[in-house]
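Here is the structure we will look at, set down as structure tokens.
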Amino acid sequence: MSDYRYLSYETLEDGRVARITLDRPQSRNAQNRGMLVELGQAFERAETDDTVRVVILRGAGASFSAGHDMGTPESISEREPGPDQHPTYLCNGATMPGAEARTRQEWHYYFHNTRRWRDLRKITIAQVHGNVLSAGLMLAWCCDLIVAAEDTVFADVVATRLGMCGVEYFAHPWEFGPRRAKELLLTGDSLGATEAHALGMVSKVFGADEISERTVEFARRIAKVPTMAALLVKESVNQTQDAMGFSTALDACFTLHQLNHAHWSEITGGKIPVGTVEYGLDDWRNAPAIQPARADRP
């Protein structure tokens, strides 16, 4: 079932469906470096296997993913020198001075990897439930299809809690629409599964007690499509989106994200690359509950 520490990997439907389950439920599947590296390995494993036609990505516990791991003991020990330091904190720019270290690290482990997963040579389905927050959106959005439980909450709170202009893989205008993206980022409000379905962001909405079974049924239907046809359907849509400027916009917005980090690093004298409560932001550790975006509420 699993050769990993932070996730599990299994095949279903006589090997035609691979299912990856994020497995840090105690942290609401917050994305530490170890998880992200293992996720890349698991996606590559599914891609390499010619029997696999569809890949399902889901999360164990109460939430699909609460975003980047901002400070669990495990995540801190990964970053700091010592026996538990993750090897990726010693390469890919990690040892460089100034903003170069952060820029190159985030390009490799938050941005380029997500783009790589978007272009995986298999059809991918994100099976989401509970909170899908900030970087959790990245993991859902890089998949070809999203299936959501009725209780799902989609939100990006980094502007209101960290003073940042969204996450590294900035697909917000494409997924929410331009004005809704601005509203949701500037307020930190959320969308539910039904609203996300109305936007076309979510394909199916199921009850929490049946979503795993129904997602496999959905994957089974897709797995019947000849692999070449499925791949060219995916490529036709992705290349059309890229011709409309999607990939170029992602590149540009990643650069703006790094400018935002550099701003806070300068403001705080190099202490921290995000905003804090001293600058009028909600404390992400003790922030108020996320509110649904409603037409009748300011």
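A Förster radius of 25 Å, combined with the Cβ-Cβ distance separating Thr51 from Thr72, puts the computed FRET efficiency at roughly 0.10. Annotation: the range 171-283 has a Kirkwood hydrodynamic radius of 17.9 angstrom, from the mean reciprocal C-alpha pair distance. Modelled this way, with points 7 Å down the Cα-to-C-beta line, the labels at Asp151 and Gln85 are 4.1 nm from one another. Using Cα atoms only, what is the angle between the long axis of helix 227-243 and the major principal axis of the chain, expressed in degrees (0 to 90) to the nearest 10? With both axes taken from Cα atoms, the answer is about 30 degrees.
Sorted fewest first by neighbouring Cβ atoms within 10 angstrom, Cys91, Cys142 come out as Cys91, Cys142. Based on Cα contacts under 8 Å between residues 6+ apart, the range 7-279 shows a relative contact order of 16 percent. GNM on the chain, alpha-carbon springs under 10 angstrom: the most fluctuating residue among Leu22, Leu250, Leu90 is Leu90. Taking a point 7 Å from the Cα of Val237 along the Cα-to-Cβ direction, the residues of the range 49-83 with backbone N closer than 17 Å to it are 53-57.
Comparing Met138, Met228, Met96 in a Gaussian network model of the chain, where Cα atoms under 10 Å apart are tied by springs, the biggest mean-square fluctuation is seen for Met228. Say we join alpha carbon atoms closer than 10 Å with springs in a Gaussian network model of the chain; which of Val147, Val216, Val55 then has the biggest fluctuation? In this elastic network of the chain, the residue with the biggest mean-square fluctuation among Val147, Val216, Val55 is Val216. Dividing the summed -39500 (n - 2.57) terms of all DSSP H runs of n ≥ 4 by the residue count of the chain sets its mean residue ellipticity at 222 nm at -12000 deg cm²/dmol.
Expressed as a rounded percentage, what relative contact order does the range 144-248 have, with Cα pairs under 8 Å and six or more residues apart?
Numbers: 103 pairs, mean separation 34.6, N = 105.
Dividing the mean separation by the residue count of the range 144-248 yields 33 percent.
Relative to the longest principal axis of the Cα atoms of the chain, the long axis of helix 211-223 lies at roughly 60 degrees. Net charge of the neighbourhood of Phe176, taken over other residues with C-beta under 14 Å away and scored Lys/Arg +1, Asp/Glu -1, is -2. Each part gets one Cα centre, and for the range 233-298 versus the range 164-193 those centres are 8 Å apart.
Principal-axis analysis of the Cα atoms of the chain puts helix 246-267 at an angle of about 30° to the longest axis.
The numbers here are math on the coordinates, done by the rules we state, and not lab data. Nothing here was measured: the structure is a model prediction, and the numbers come from that model. Please note: Cβ atoms are built from the backbone with ideal geometry, for glycine as well, and neighbour counts cover all protein chains shown.
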